[in-house]
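Below you'll find the structure, written out as structure tokens, and then a few comments.
The values are calculated or read from the model by the stated rules, or taken from the named source; none is laboratory data. All figures in this text were calculated on a predicted structure; none of them were measured in a lab. Every residue, glycine as well, gets a Cβ built from its backbone with ideal geometry; the counts of neighbours run over all protein chains shown. All accessible areas refer to the heavy atoms of the entire protein, side chains included, with ligands and DNA or RNA removed. Shrake-Rupley method; radii C 1.70, N 1.55, O 1.52, S 1.80 Å.
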Amino acid sequence: MKIIRTIRALRKALAAIDGSIGFVPTMGYFHEGHLSLMRTAKRNNACAVVSLFVNPTQFGPTEDLSRYPRDLARDAGLARTAGVDIMFVPTVEEMYPAGASQTVVEVGGIAGILCGAVRPGHFCGVATVVSKLINIVLPDVMYLGQKDFQQTVVIKRMVSDLNFPLRVVVCPTVREPDGLAMSSRNSYLSPTERMQATAIYRALQMARSMAAAGESDAGKIIFKIKKLILDETSATIEYVNCVSVADLQDVRRITGKVLIVLAVKFPSARLIDNAVIELNVDEKVRR
Ligand code: AMP
């Protein structure tokens, strides 16, 4: 595996590749979620490229940019064992040379709701850096995790609207054995918070069971999710919404497959998660 730090060197290395390029953009501090994307990229392409860049433009002024966890040596070892061919690790100056960052990519509509509403500018930072990375790596396929569901919708929208010539593949959320979605930010949690955080997955499972038992009232499901999380954790709730899978618009009455998306704030970390739930129509008819 090559570790490359400049755009020029990366382009040179990629020019020698014969075959498809699979790309996984990341902010590092790898866990099994990242590694599953890398393995999928390697399995399906001639060359797997992962970028590790803690992108300052997607963090708000009061967010965790300076304390975001970093461990390049460990990450390089993990990426190597996942089969990555090239790890691109640019500096902030390489990605945003002084005075040369006046162009941004602003995705409308869906980028302004949910996480976009509580983190103004976040998705503009994400869309801009991902556009830059696409233009630098020129991948055939880009792999993203379902854990950041809204991000996948925003990036797919951008890729479609701006005609980027690549395919976006969304891979399933990888969870800890107790159900907590893996995240670099889980490392912020205190031992007590870490135990409490399992309530998020339990709440999503409860929502799944309610829909499977024929509950079609999204409001009732959302109420129960909020109650479970507030009763069992020290977290506050930023949002819990029941939305359509395609465009993240609120759904009040569940008819088929819908998505529960949520963001909660523990004193030490903000966590997001989501799950597709499906109404069992037969149950509903029987009731
Ligand atoms: P990050 O380093 O947090 O920006 O994440 C880089 C990529 O890994 C994004 O596409 C994430 O959605 C994905 N990812 C993060 N956590 C997980 C997880 N638990 N399961 C699957 N993919 C994940």
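For this structure, a couple of remarks:
- Residue list for region 85-115, filter: touching a Cys at 6+ places or on another chain (Cβ under 9 Å) and either of a type in the set (Ser, Thr, Tyr) or under 20 Å from residue 9 (Cα atoms) (or both): 85, 86
- Extreme residue, least open to solvent (accessible area, probe 1.4 Å), among residues of region 75-108 that are in a helix (DSSP H, G or I), out of contact with any helix residue (DSSP H, G or I) (no Cβ under 8 Å at 6 or more places or on another chain) and touching a residue at least 60 places away in the same chain (Cβ under 8 Å): 76
- For region 255-268, the set of residues classified as over 19 Å from residue 185 (Cα atoms) and buried (at least 21 other Cβ atoms within 10 Å of the Cβ) consists of 258, 260, listed by residue number.
- One residue from 127, 117 being in a helix (DSSP H, G or I), small (Gly, Ala, Ser) and open to solvent by 30 Å² or more (accessible area, probe 1.4 Å): 117
- Filter result for residue 277 (closer than 22 Å to residue 64 by Cα and either of a type in the set (A, V, I, L, M) or assigned by TED's automatic domain parsing to the domain that holds residue 155 (or both)): no
- Contact map, region 26-41: first residue assigned to a helix (DSSP H, G or I), second residue among the β-branched types (Val, Ile, Thr) and within 7 Å of the ligand (Cβ to nearest atom), Cβ cut-off under 6 Å, separation 6 or more or different chains; pairs are 32/174; 33/174; 34/26; 36/174; 37/24; 38/24; 41/24.
- Among residues of region 166-183 that are more than 13 Å from residue 24 (Cβ to Cβ), those with a Cβ under 8 angstrom from a residue that is assigned to a loop (DSSP other than H, G, I, E, B) and open to solvent by 50 Å² or more (accessible area, probe 1.4 Å), sequence gap 6+ or separate chain, pair up as 167/140; 182/176.
- Strands (runs of 3 or more DSSP E) contained entirely in region 180-287, each with at least 1 residues that are aromatic (Phe, Trp, Tyr) and within 19 Å of the chain's Cα centre (by Cα): 236-243
- Identity of the residue in region 149-175, within 9 Å of the ligand (Cβ to nearest atom) and outside any helix (DSSP H, G or I), that ends up least open to solvent (accessible area, probe 1.4 Å): 171
- Within region 184-202, being open to solvent by 30 Å² or more (accessible area, probe 1.4 Å) and free of Cβ contacts under 8 Å to residues at least 24 places away in the same chain holds for 191, 194, 195.
- Matching residues in region 6-32 - criterion: being within 16 Å of the ligand (Cβ to nearest atom) and open to solvent by less than 60 Å² (accessible area, probe 1.4 Å): 22, 23, 24, 25, 26, 27, 28, 30, 31
- Residue in region 42-68 that is farthest from the ligand (Cβ to nearest atom), counting only those that are out of contact with any Lys or Arg (no Cβ under 6 Å at 6 or more places or on another chain) and part of a strand (DSSP E or B): 47
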